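Take a look at the structure below.
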Amino acid sequence: MMETPVIIIGAGPAGASASIFLTKHKIHHIVIERAVFPRDKVCGDACSGRTIQVINKANPDWLAEMKAAPQFFHPMWGMTIVSPNGKEINIPLSDKINNPGVAKGFVVTRLVLDNFLFEKMPSPYCTVYEGAKVLGIKREKSRVLVKMNYKGDEIDLSSPMIVGADGDKSIVRKTFVGEDRNEKTKAIGLRAYYDGVTGMNENSIELHYFPELPTGYLWIFPLPNGRANVGIGMLSSTARERKVNLRELMLEIIKNNNRLSARFENAVLLDKILGWGLPIYTEDIPVSGDNYMLTGDAANFIDPFSGEGVGNALYSGMLAAEAVKVAIEQKNYSAEFLTSAYDKVFYQHLGPELKQNATMQRMFKNQWFFNLFFNKADKSKSLREVITCMFTDVEVLNRLKSPWFYVKVLFNQ
Ligand SMILES: Cc1cc2nc3c(=O)[nH]c(=O)nc-3n(C[C@H](O)[C@H](O)[C@H](O)COP(=O)(O)OP(=O)(O)OC[C@H]3O[C@@H](n4cnc5c(N)ncnc54)[C@H](O)[C@@H]3O)c2cc1C
(Lines give C-alpha, C1' and ligand atoms only; values in the text may rest on other atoms or scores of the structure.)
Protein backbone atom coordinates (compact mmCIF):
# COMPACT_ATOMS: atom_id res chain seq x y z
CA MET A 1 0.00 0.00 0.00
CA MET A 2 1.51 3.33 -1.09
CA GLU A 3 0.59 6.31 1.07
CA THR A 4 0.44 9.83 -0.37
CA PRO A 5 -0.98 13.17 0.84
CA VAL A 6 -3.09 13.61 -2.35
CA ILE A 7 -4.21 11.52 -5.32
CA ILE A 8 -5.31 13.27 -8.53
CA ILE A 9 -7.22 11.27 -11.14
CA GLY A 10 -6.79 12.78 -14.63
CA ALA A 11 -4.09 15.02 -16.10
CA GLY A 12 -6.15 17.26 -18.40
CA PRO A 13 -6.26 21.01 -17.64
CA ALA A 14 -7.95 20.51 -14.23
CA GLY A 15 -5.56 17.77 -13.07
CA ALA A 16 -2.45 19.45 -14.46
CA SER A 17 -3.39 22.70 -12.75
CA ALA A 18 -4.04 20.96 -9.41
CA SER A 19 -0.68 19.21 -9.70
CA ILE A 20 1.27 22.33 -10.70
CA PHE A 21 -0.17 24.34 -7.79
CA LEU A 22 0.34 21.47 -5.31
CA THR A 23 3.98 21.51 -6.36
CA LYS A 24 4.07 25.28 -5.75
CA HIS A 25 2.76 24.53 -2.23
CA LYS A 26 5.45 21.80 -1.87
CA ILE A 27 2.83 19.09 -1.36
CA HIS A 28 3.61 15.54 -2.51
CA HIS A 29 0.98 13.96 -4.72
CA ILE A 30 0.32 11.15 -7.19
CA VAL A 31 -1.38 11.72 -10.57
CA ILE A 32 -3.09 8.79 -12.28
CA GLU A 33 -3.82 9.29 -15.98
CA ARG A 34 -5.48 6.76 -18.26
CA ALA A 35 -4.01 8.10 -21.50
CA VAL A 36 -0.41 8.44 -22.62
CA PHE A 37 0.55 12.00 -23.53
CA PRO A 38 0.50 13.73 -25.94
CA ARG A 39 -3.19 12.84 -26.27
CA ASP A 40 -6.09 14.48 -28.11
CA LYS A 41 -9.26 15.81 -26.47
CA VAL A 42 -12.35 16.76 -28.48
CA CYS A 43 -12.66 20.52 -28.02
CA GLY A 44 -13.13 23.81 -29.86
CA ASP A 45 -9.56 24.64 -28.80
CA ALA A 46 -10.40 28.28 -27.89
CA CYS A 47 -8.90 29.45 -24.61
CA SER A 48 -9.97 32.73 -23.11
CA GLY A 49 -8.54 35.15 -20.56
CA ARG A 50 -9.04 32.81 -17.62
CA THR A 51 -6.63 30.28 -19.09
CA ILE A 52 -4.07 33.05 -19.48
CA GLN A 53 -4.75 34.25 -15.93
CA VAL A 54 -4.13 30.83 -14.34
CA ILE A 55 -1.07 30.01 -16.45
CA ASN A 56 0.36 33.43 -15.63
CA LYS A 57 -0.22 32.75 -11.94
CA ALA A 58 1.45 29.36 -12.24
CA ASN A 59 4.49 30.82 -14.00
CA PRO A 60 4.66 33.98 -16.15
CA ASP A 61 7.58 32.48 -18.13
CA TRP A 62 5.22 29.83 -19.48
CA LEU A 63 3.02 32.56 -20.98
CA ALA A 64 6.07 34.04 -22.63
CA GLU A 65 6.88 30.57 -24.03
CA MET A 66 3.38 30.34 -25.47
CA LYS A 67 3.59 33.80 -26.98
CA ALA A 68 6.88 32.89 -28.58
CA ALA A 69 5.29 29.89 -30.31
CA PRO A 70 2.60 31.36 -32.60
CA GLN A 71 2.94 28.28 -34.80
CA PHE A 72 1.01 26.46 -32.02
CA PHE A 73 -0.71 29.17 -29.94
CA HIS A 74 -2.76 31.31 -32.30
CA PRO A 75 -3.55 34.68 -30.66
CA MET A 76 -7.24 35.52 -30.31
CA TRP A 77 -8.25 39.20 -30.25
CA GLY A 78 -11.95 39.03 -30.80
CA MET A 79 -15.13 37.17 -31.49
CA THR A 80 -17.82 37.40 -34.16
CA ILE A 81 -21.34 36.34 -33.29
CA VAL A 82 -23.88 35.80 -36.08
CA SER A 83 -27.54 35.61 -35.01
CA PRO A 84 -30.00 33.08 -36.49
CA ASN A 85 -31.23 35.72 -38.96
CA GLY A 86 -27.68 36.52 -40.10
CA LYS A 87 -26.96 39.75 -38.18
CA GLU A 88 -23.30 39.92 -37.26
CA ILE A 89 -21.62 41.54 -34.29
CA ASN A 90 -17.85 41.80 -33.95
CA ILE A 91 -16.62 41.86 -30.41
CA PRO A 92 -13.07 43.02 -29.81
CA LEU A 93 -11.74 41.47 -26.64
CA SER A 94 -10.60 44.27 -24.43
CA ASP A 95 -7.01 43.40 -23.61
CA LYS A 96 -5.93 44.65 -27.02
CA ILE A 97 -6.93 48.07 -25.73
CA ASN A 98 -5.90 47.80 -22.08
CA ASN A 99 -2.90 45.62 -22.52
CA PRO A 100 -1.64 45.89 -26.08
CA GLY A 101 0.58 43.09 -27.23
CA VAL A 102 -1.06 40.55 -24.94
CA ALA A 103 -3.81 38.62 -26.67
CA LYS A 104 -6.97 38.06 -24.66
CA GLY A 105 -6.83 34.38 -25.50
CA PHE A 106 -5.61 31.89 -28.04
CA VAL A 107 -6.67 28.95 -30.13
CA VAL A 108 -4.44 25.90 -29.73
CA THR A 109 -5.11 22.23 -30.37
CA ARG A 110 -5.61 20.31 -27.15
CA LEU A 111 -2.97 17.88 -28.34
CA VAL A 112 -0.51 20.75 -27.92
CA LEU A 113 -1.98 22.64 -24.95
CA ASP A 114 -2.55 19.61 -22.70
CA ASN A 115 0.89 18.25 -23.49
CA PHE A 116 2.42 21.67 -22.76
CA LEU A 117 0.81 21.61 -19.30
CA PHE A 118 1.58 17.93 -18.77
CA GLU A 119 5.27 18.61 -19.40
CA LYS A 120 5.20 21.31 -16.69
CA MET A 121 4.03 18.81 -14.05
CA PRO A 122 7.18 16.81 -13.24
CA SER A 123 8.69 17.93 -9.93
CA PRO A 124 10.15 16.35 -6.79
CA TYR A 125 6.61 16.50 -5.36
CA CYS A 126 4.74 14.89 -8.26
CA THR A 127 4.64 11.23 -9.31
CA VAL A 128 2.74 10.53 -12.52
CA TYR A 129 1.35 7.18 -13.66
CA GLU A 130 0.48 7.52 -17.36
CA GLY A 131 -1.41 4.80 -19.18
CA ALA A 132 -2.75 3.56 -15.83
CA LYS A 133 -6.14 1.93 -15.33
CA VAL A 134 -8.06 2.69 -12.15
CA LEU A 135 -9.67 -0.58 -10.99
CA GLY A 136 -11.53 0.74 -7.98
CA ILE A 137 -11.95 3.65 -5.57
CA LYS A 138 -13.44 3.42 -2.09
CA ARG A 139 -13.48 5.36 1.16
CA GLU A 140 -12.58 3.55 4.37
CA LYS A 141 -11.84 5.00 7.81
CA SER A 142 -11.48 8.56 6.51
CA ARG A 143 -9.04 7.53 3.78
CA VAL A 144 -9.52 7.02 0.07
CA LEU A 145 -8.18 3.75 -1.32
CA VAL A 146 -7.42 3.44 -5.03
CA LYS A 147 -6.48 0.24 -6.83
CA MET A 148 -4.87 0.64 -10.23
CA ASN A 149 -3.24 -1.43 -12.89
CA TYR A 150 0.03 0.03 -14.12
CA LYS A 151 2.04 -1.79 -16.76
CA GLY A 152 0.51 -5.10 -15.70
CA ASP A 153 1.05 -4.61 -11.95
CA GLU A 154 -1.76 -4.02 -9.46
CA ILE A 155 -0.90 -1.13 -7.14
CA ASP A 156 -2.84 0.00 -4.05
CA LEU A 157 -2.75 3.64 -2.99
CA SER A 158 -4.07 5.28 0.15
CA SER A 159 -4.61 8.99 0.80
CA PRO A 160 -6.74 11.31 2.93
CA MET A 161 -7.64 13.29 -0.21
CA ILE A 162 -8.60 12.55 -3.80
CA VAL A 163 -9.10 15.19 -6.51
CA GLY A 164 -11.42 14.13 -9.33
CA ALA A 165 -10.05 15.75 -12.51
CA ASP A 166 -11.18 12.94 -14.77
CA GLY A 167 -13.54 14.82 -17.04
CA ASP A 168 -17.07 14.29 -18.27
CA LYS A 169 -17.31 10.59 -17.36
CA SER A 170 -15.54 11.02 -14.03
CA ILE A 171 -15.28 7.84 -12.00
CA VAL A 172 -14.44 9.88 -8.90
CA ARG A 173 -17.78 11.64 -9.31
CA LYS A 174 -19.60 8.34 -9.90
CA THR A 175 -17.98 6.80 -6.81
CA PHE A 176 -18.78 9.61 -4.39
CA VAL A 177 -21.83 11.37 -5.85
CA GLY A 178 -23.51 8.72 -8.01
CA GLU A 179 -25.14 9.47 -11.33
CA ASP A 180 -26.85 12.75 -10.51
CA ARG A 181 -26.54 14.52 -13.84
CA ASN A 182 -29.74 15.34 -15.66
CA GLU A 183 -30.68 16.50 -19.14
CA LYS A 184 -30.28 20.16 -18.19
CA THR A 185 -26.60 19.71 -17.43
CA LYS A 186 -25.66 17.96 -20.64
CA ALA A 187 -24.67 19.25 -24.04
CA ILE A 188 -22.95 17.43 -26.86
CA GLY A 189 -20.49 18.69 -29.42
CA LEU A 190 -18.61 17.59 -32.52
CA ARG A 191 -15.21 18.79 -33.65
CA ALA A 192 -13.57 18.70 -37.08
CA TYR A 193 -10.26 20.05 -38.40
CA TYR A 194 -10.32 21.71 -41.82
CA ASP A 195 -7.78 23.19 -44.18
CA GLY A 196 -8.72 25.87 -46.67
CA VAL A 197 -11.78 27.52 -45.06
CA THR A 198 -11.89 31.00 -46.60
CA GLY A 199 -13.10 34.33 -45.23
CA MET A 200 -11.73 33.82 -41.74
CA ASN A 201 -10.70 36.83 -39.76
CA GLU A 202 -7.40 35.35 -38.64
CA ASN A 203 -7.60 36.58 -35.05
CA SER A 204 -11.29 36.29 -34.36
CA ILE A 205 -13.30 33.25 -33.40
CA GLU A 206 -16.75 32.89 -35.02
CA LEU A 207 -19.97 31.65 -33.43
CA HIS A 208 -22.82 31.08 -35.89
CA TYR A 209 -26.39 30.56 -34.75
CA PHE A 210 -29.02 29.01 -37.05
CA PRO A 211 -32.77 28.44 -36.82
CA GLU A 212 -32.21 24.69 -37.33
CA LEU A 213 -29.72 24.66 -34.44
CA PRO A 214 -31.63 25.88 -31.37
CA THR A 215 -29.80 25.79 -28.01
CA GLY A 216 -26.46 25.61 -29.77
CA TYR A 217 -24.12 27.04 -32.36
CA LEU A 218 -21.62 26.19 -35.07
CA TRP A 219 -18.12 27.53 -34.56
CA ILE A 220 -15.17 28.31 -36.78
CA PHE A 221 -11.98 28.92 -34.80
CA PRO A 222 -8.82 29.81 -36.71
CA LEU A 223 -5.71 27.79 -35.95
CA PRO A 224 -2.15 28.44 -37.10
CA ASN A 225 -1.21 27.68 -40.73
CA GLY A 226 -4.62 28.55 -42.12
CA ARG A 227 -6.30 25.58 -40.44
CA ALA A 228 -9.59 25.80 -38.61
CA ASN A 229 -11.33 23.97 -35.80
CA VAL A 230 -14.94 23.71 -36.95
CA GLY A 231 -17.61 22.25 -34.73
CA ILE A 232 -21.16 22.20 -33.59
CA GLY A 233 -22.80 21.81 -30.20
CA MET A 234 -26.25 21.84 -28.65
CA LEU A 235 -28.12 20.77 -25.52
CA SER A 236 -28.53 17.00 -25.42
CA SER A 237 -32.24 17.38 -24.58
CA THR A 238 -32.86 19.40 -27.76
CA ALA A 239 -30.91 16.94 -29.88
CA ARG A 240 -32.97 14.09 -28.47
CA GLU A 241 -36.35 15.86 -28.70
CA ARG A 242 -35.75 16.88 -32.31
CA LYS A 243 -33.98 13.64 -33.21
CA VAL A 244 -31.06 15.66 -34.55
CA ASN A 245 -28.13 13.85 -36.12
CA LEU A 246 -25.49 16.45 -35.26
CA ARG A 247 -22.94 15.19 -37.80
CA GLU A 248 -25.43 15.34 -40.66
CA LEU A 249 -26.66 18.75 -39.50
CA MET A 250 -23.14 20.18 -39.38
CA LEU A 251 -22.22 18.89 -42.85
CA GLU A 252 -25.57 20.05 -44.26
CA ILE A 253 -25.09 23.60 -42.88
CA ILE A 254 -21.52 23.77 -44.19
CA LYS A 255 -22.59 22.55 -47.62
CA ASN A 256 -25.82 24.40 -48.16
CA ASN A 257 -26.12 27.42 -45.92
CA ASN A 258 -25.66 30.56 -48.00
CA ARG A 259 -23.64 32.19 -45.22
CA LEU A 260 -21.03 29.41 -45.19
CA SER A 261 -21.16 27.21 -48.29
CA ALA A 262 -18.85 29.35 -50.46
CA ARG A 263 -16.33 29.52 -47.63
CA PHE A 264 -16.14 25.72 -47.46
CA GLU A 265 -16.16 25.13 -51.22
CA ASN A 266 -12.48 24.10 -51.37
CA ALA A 267 -12.07 23.20 -47.71
CA VAL A 268 -10.61 19.79 -46.90
CA LEU A 269 -11.64 17.79 -43.86
CA LEU A 270 -8.36 16.65 -42.29
CA ASP A 271 -9.49 14.00 -39.84
CA LYS A 272 -12.49 12.15 -38.45
CA ILE A 273 -15.32 14.24 -37.01
CA LEU A 274 -15.32 13.38 -33.30
CA GLY A 275 -17.91 13.98 -30.57
CA TRP A 276 -17.81 14.33 -26.77
CA GLY A 277 -20.07 15.54 -23.95
CA LEU A 278 -20.05 18.98 -22.31
CA PRO A 279 -21.23 18.89 -18.68
CA ILE A 280 -22.43 22.47 -18.29
CA TYR A 281 -23.03 24.56 -15.17
CA THR A 282 -26.70 25.15 -14.35
CA GLU A 283 -26.59 26.03 -10.65
CA ASP A 284 -24.21 25.87 -7.67
CA ILE A 285 -23.99 22.20 -6.69
CA PRO A 286 -21.81 20.51 -4.06
CA VAL A 287 -18.43 19.72 -5.60
CA SER A 288 -16.73 18.17 -2.59
CA GLY A 289 -17.44 15.82 0.29
CA ASP A 290 -15.55 13.80 2.90
CA ASN A 291 -12.02 13.30 1.49
CA TYR A 292 -12.78 14.34 -2.09
CA MET A 293 -13.05 17.34 -4.42
CA LEU A 294 -14.24 17.53 -8.02
CA THR A 295 -12.70 19.88 -10.57
CA GLY A 296 -13.25 20.88 -14.22
CA ASP A 297 -15.73 18.79 -16.21
CA ALA A 298 -16.07 16.34 -13.33
CA ALA A 299 -17.72 19.24 -11.45
CA ASN A 300 -19.90 20.57 -14.34
CA PHE A 301 -17.87 23.76 -14.60
CA ILE A 302 -18.36 24.40 -18.35
CA ASP A 303 -19.72 27.86 -19.11
CA PRO A 304 -23.32 27.28 -20.28
CA PHE A 305 -23.32 30.16 -22.78
CA SER A 306 -19.93 29.93 -24.46
CA GLY A 307 -19.19 26.23 -23.88
CA GLU A 308 -15.74 27.12 -22.52
CA GLY A 309 -14.38 24.76 -19.93
CA VAL A 310 -10.59 24.86 -20.13
CA GLY A 311 -10.17 28.10 -18.16
CA ASN A 312 -12.59 27.01 -15.46
CA ALA A 313 -10.92 23.59 -15.25
CA LEU A 314 -7.54 25.26 -14.71
CA TYR A 315 -9.03 27.68 -12.19
CA SER A 316 -10.77 24.93 -10.20
CA GLY A 317 -7.56 22.84 -10.16
CA MET A 318 -5.73 25.84 -8.73
CA LEU A 319 -8.38 26.37 -6.01
CA ALA A 320 -8.46 22.65 -5.19
CA ALA A 321 -4.69 22.77 -4.55
CA GLU A 322 -5.15 25.75 -2.23
CA ALA A 323 -7.93 23.91 -0.36
CA VAL A 324 -5.66 20.85 0.01
CA LYS A 325 -2.94 23.05 1.51
CA VAL A 326 -5.32 24.36 4.19
CA ALA A 327 -6.81 20.90 4.79
CA ILE A 328 -3.32 19.48 5.45
CA GLU A 329 -2.43 22.39 7.75
CA GLN A 330 -5.63 21.90 9.75
CA LYS A 331 -5.69 18.10 9.39
CA ASN A 332 -9.31 18.36 8.34
CA TYR A 333 -10.66 16.58 5.25
CA SER A 334 -14.32 16.61 6.24
CA ALA A 335 -17.17 17.52 3.90
CA GLU A 336 -18.00 20.52 6.05
CA PHE A 337 -14.46 21.85 5.91
CA LEU A 338 -14.02 21.28 2.17
CA THR A 339 -17.33 22.98 1.40
CA SER A 340 -16.01 26.20 2.87
CA ALA A 341 -12.40 25.78 1.69
CA TYR A 342 -13.27 24.82 -1.89
CA ASP A 343 -16.94 24.99 -3.03
CA LYS A 344 -17.59 28.37 -1.43
CA VAL A 345 -14.38 29.89 -2.75
CA PHE A 346 -15.01 28.63 -6.29
CA TYR A 347 -18.60 29.85 -6.39
CA GLN A 348 -17.65 33.17 -4.82
CA HIS A 349 -15.16 33.79 -7.62
CA LEU A 350 -16.89 32.28 -10.64
CA GLY A 351 -20.49 31.74 -9.51
CA PRO A 352 -21.83 35.18 -10.55
CA GLU A 353 -20.41 34.88 -14.06
CA LEU A 354 -21.61 31.29 -14.49
CA LYS A 355 -25.10 32.18 -13.20
CA GLN A 356 -25.32 35.14 -15.56
CA ASN A 357 -24.24 33.05 -18.52
CA ALA A 358 -26.78 30.36 -17.59
CA THR A 359 -29.43 33.09 -17.76
CA MET A 360 -28.11 34.27 -21.12
CA GLN A 361 -28.12 30.71 -22.41
CA ARG A 362 -31.79 30.35 -21.42
CA MET A 363 -32.68 33.74 -22.96
CA PHE A 364 -30.95 33.19 -26.27
CA LYS A 365 -32.63 29.78 -26.56
CA ASN A 366 -35.56 31.85 -27.68
CA GLN A 367 -34.56 32.62 -31.27
CA TRP A 368 -37.25 35.27 -31.65
CA PHE A 369 -35.63 37.20 -28.80
CA PHE A 370 -32.12 36.54 -30.14
CA ASN A 371 -33.00 37.95 -33.58
CA LEU A 372 -34.79 40.95 -32.10
CA PHE A 373 -31.85 41.70 -29.80
CA PHE A 374 -29.38 41.53 -32.68
CA ASN A 375 -31.65 43.54 -35.01
CA LYS A 376 -31.68 46.29 -32.40
CA ALA A 377 -27.93 46.00 -31.89
CA ASP A 378 -27.42 46.31 -35.65
CA LYS A 379 -28.88 49.81 -35.42
CA SER A 380 -27.69 50.88 -31.97
CA LYS A 381 -24.04 51.57 -31.24
CA SER A 382 -24.64 51.67 -27.47
CA LEU A 383 -26.34 48.25 -27.48
CA ARG A 384 -23.46 46.85 -29.54
CA GLU A 385 -21.12 48.19 -26.88
CA VAL A 386 -23.20 46.54 -24.15
CA ILE A 387 -22.97 43.20 -25.97
CA THR A 388 -19.24 43.66 -26.34
CA CYS A 389 -18.86 44.33 -22.64
CA MET A 390 -21.09 41.37 -21.70
CA PHE A 391 -18.08 39.17 -22.34
CA THR A 392 -15.52 41.17 -20.45
CA ASP A 393 -17.13 43.33 -17.81
CA VAL A 394 -18.84 41.99 -14.68
CA GLU A 395 -20.59 45.37 -14.10
CA VAL A 396 -22.32 45.00 -17.44
CA LEU A 397 -23.22 41.41 -16.61
CA ASN A 398 -24.92 42.74 -13.48
CA ARG A 399 -26.99 45.20 -15.52
CA LEU A 400 -28.19 42.31 -17.63
CA LYS A 401 -29.75 40.69 -14.57
CA SER A 402 -32.50 43.28 -14.50
CA PRO A 403 -35.60 42.58 -16.60
CA TRP A 404 -35.82 46.35 -17.13
CA PHE A 405 -32.70 46.19 -19.24
CA TYR A 406 -34.53 44.03 -21.79
CA VAL A 407 -37.71 46.08 -21.64
CA LYS A 408 -35.62 49.16 -22.43
CA VAL A 409 -33.82 47.38 -25.27
CA LEU A 410 -37.03 46.19 -26.85
CA PHE A 411 -38.68 49.60 -26.59
CA ASN A 412 -35.63 51.52 -27.83
CA GLN A 413 -35.03 53.30 -24.52
C1 LIG B 1 -17.05 19.55 -28.68
C2 LIG B 1 -16.45 20.34 -27.53
C3 LIG B 1 -15.98 21.62 -27.75
C4 LIG B 1 -15.42 22.35 -26.70
N5 LIG B 1 -14.88 23.58 -26.96
C6 LIG B 1 -14.25 24.25 -25.98
C7 LIG B 1 -13.56 25.46 -26.28
O8 LIG B 1 -13.45 25.90 -27.43
N9 LIG B 1 -12.95 26.11 -25.25
C10 LIG B 1 -12.99 25.63 -23.98
O11 LIG B 1 -12.44 26.28 -23.08
N12 LIG B 1 -13.63 24.47 -23.68
C13 LIG B 1 -14.24 23.76 -24.65
N14 LIG B 1 -14.83 22.56 -24.37
C15 LIG B 1 -14.81 22.06 -22.97
C16 LIG B 1 -13.43 21.51 -22.59
O17 LIG B 1 -13.01 20.58 -23.54
C18 LIG B 1 -13.48 20.88 -21.21
O19 LIG B 1 -14.19 21.73 -20.34
C20 LIG B 1 -12.09 20.62 -20.63
O21 LIG B 1 -11.42 19.66 -21.39
C22 LIG B 1 -12.21 20.16 -19.17
O23 LIG B 1 -10.93 19.81 -18.67
P24 LIG B 1 -10.81 18.68 -17.57
O25 LIG B 1 -9.37 18.63 -17.19
O26 LIG B 1 -11.84 18.84 -16.54
O27 LIG B 1 -11.22 17.32 -18.33
P28 LIG B 1 -10.50 16.62 -19.59
O29 LIG B 1 -9.86 17.60 -20.47
O30 LIG B 1 -11.54 15.71 -20.16
O31 LIG B 1 -9.36 15.74 -18.93
C32 LIG B 1 -9.68 14.61 -18.14
C33 LIG B 1 -8.46 13.70 -18.11
O34 LIG B 1 -8.75 12.61 -17.23
C35 LIG B 1 -8.34 11.39 -17.84
N36 LIG B 1 -9.21 10.34 -17.31
C37 LIG B 1 -10.53 10.17 -17.54
N38 LIG B 1 -10.96 9.08 -16.88
C39 LIG B 1 -9.90 8.57 -16.23
C40 LIG B 1 -9.70 7.43 -15.40
N41 LIG B 1 -10.69 6.58 -15.10
N42 LIG B 1 -8.46 7.21 -14.91
C43 LIG B 1 -7.44 8.03 -15.19
N44 LIG B 1 -7.55 9.11 -16.00
C45 LIG B 1 -8.78 9.37 -16.50
C46 LIG B 1 -8.53 11.63 -19.34
O47 LIG B 1 -7.70 10.75 -20.09
C48 LIG B 1 -8.12 13.10 -19.46
O49 LIG B 1 -6.74 13.24 -19.74
C50 LIG B 1 -15.38 21.79 -25.39
C51 LIG B 1 -15.86 20.50 -25.17
C52 LIG B 1 -16.38 19.77 -26.22
C53 LIG B 1 -16.85 18.36 -25.99
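Loop-located GluC sites (Glu not before Pro) in the range 258-314 (DSSP state other than H, G, I, E, B) with a sparse environment of at most 16 neighbouring Cβ atoms within 10 Å: 265, 283. Note on residue 379: lysines with a C-alpha under 19 Å away, same-chain residues under 8 apart excluded, are 87, 408. Label positions at residue 243 and residue 359, each projected 7 Å from the Cα along the C-beta direction, are separated by 3.8 nm. Projected onto their three principal axes, the Cα atoms of the chain cover extents of 65, 47, 46 Å, largest first. Across 30, 253, 205, mean-square fluctuation computed from a Gaussian network of the chain (C-alpha pairs under 10 Å connected) peaks at 253. Under a 10 Å cutoff between Cα atoms, tell me which one of 387, 91, 285 has the largest fluctuation in the Gaussian network model of the chain. Answer for the Gaussian network model of the chain: 285. Using every pair of separate Cα atoms, the Kirkwood estimate puts the hydrodynamic radius of the range 21-68 at 13.3 angstrom. Only sites in a loop by DSSP and with at most 13 other Cβ atoms within 10 Å count here; which GluC sites (Glu not before Pro) in the range 119-202 make the cut? Qualifying residues, ordered by number: 179, 202. Once the Cα atoms are used to define both axes, helix 381-390 deviates from the longest principal axis of the chain by about 10 degrees. The residues of the chain present an accessible area of 45 Å² per residue when probed at 1.4 Å with all protein chains retained. Accessible area ranking (1.4 Å probe, heavy atoms, ligands and nucleic acids excluded), largest first, for 301, 405: 405, 301.
Between 205, 298, 338, the Cα set farthest toward the positive side of the dipole of the chain (charges on each charged residue's Cβ, about the Cα centre) is that of 205.
Amide H to amide H distances under 5 Å link residue 187 with 236, 278, 280, where only residues 5 or more positions off or on other chains count and H is placed in the peptide plane. If R0 equals 30 Å, the separation of the Cβ atoms of residue 69 and residue 133 corresponds to a calculated FRET efficiency of about 0.35. The C-alpha atoms of the chain define a longest principal axis, and helix 246-256 lies at about 30 degrees to it. 3J(HN,Hα) along the range 325-334: 4, 5, 4, 5, 4, 9, 6, 9, 10, 6 Hz, from the Karplus curve 6.51 cos²θ - 1.76 cosθ + 1.60 with θ = phi - 60°, whole Hz, x for Gly and Pro.
For 114, 61, 166, the ranking by accessible surface with the largest value first comes to 61, 166, 114, using a 1.4 Å probe. Each peptide in 358-365, 209-216, 309-316 receives the mean, over its residues, of other Cβ atoms within 10 Å, and ordering these scores from highest gives 309-316, 209-216, 358-365.
Its Cα centre serving as origin, the chain has a Cβ charge dipole (Lys and Arg +1, Asp and Glu -1) of approximately 660 debye. Were the residues from residue 255 through residue 2 laid out at 0.36 nm apart, the gain over their Cα-Cα distance would be 85.5 nm. Between residue 290 and residue 212, the simple label model (points 7 Å from Cα in the Cβ direction) yields a spacing of 5.4 nm. If the segment from residue 141 to residue 61 were pulled out straight at 0.36 nm per residue, it would be longer than the present Cα-Cα gap by 24.6 nm. Counting only alpha carbon atoms, the long axis of helix 49-58 and the longest principal axis of the chain meet at about 30°. Between residue 332 and residue 271, the FRET efficiency from the beta-carbon distance, with R0 = 51 Å, is close to 0.60. Assign one of three labels to the range 1-47, namely rounded, prolate or oblate, based on the Cα gyration tensor with a ≥ b ≥ c the square roots of its eigenvalues; rounded applies when a/c is under 1.5, prolate when it is not and a/b is larger than b/c, and oblate otherwise. Because a/c hits 1.5 or more and a/b fails to exceed b/c, the range 1-47 counts as oblate. Under 5 Å between amide hydrogens, built in the peptide plane, is the criterion, and for residue 128 it picks out 31 among residues at least 5 positions away or on other chains.
Given Cα pairs under 8 Å that are at least 6 residues apart, what percent is the relative contact order of the chain? Once normalised by length, the contact order is 21 percent.
The values are calculated or read from the model by the stated rules, or taken from the named source; none is laboratory data. This one's a predicted model, so the numbers in the text were calculated from it and none came from an experiment. Note: ideal-geometry Cβ built from the backbone for every residue, glycine included; neighbour counts use all protein chains shown. Only protein heavy atoms, including side chains, enter the accessible area calculation; ligands, DNA and RNA are left aside. Shrake-Rupley method; radii C 1.70, N 1.55, O 1.52, S 1.80 Å.
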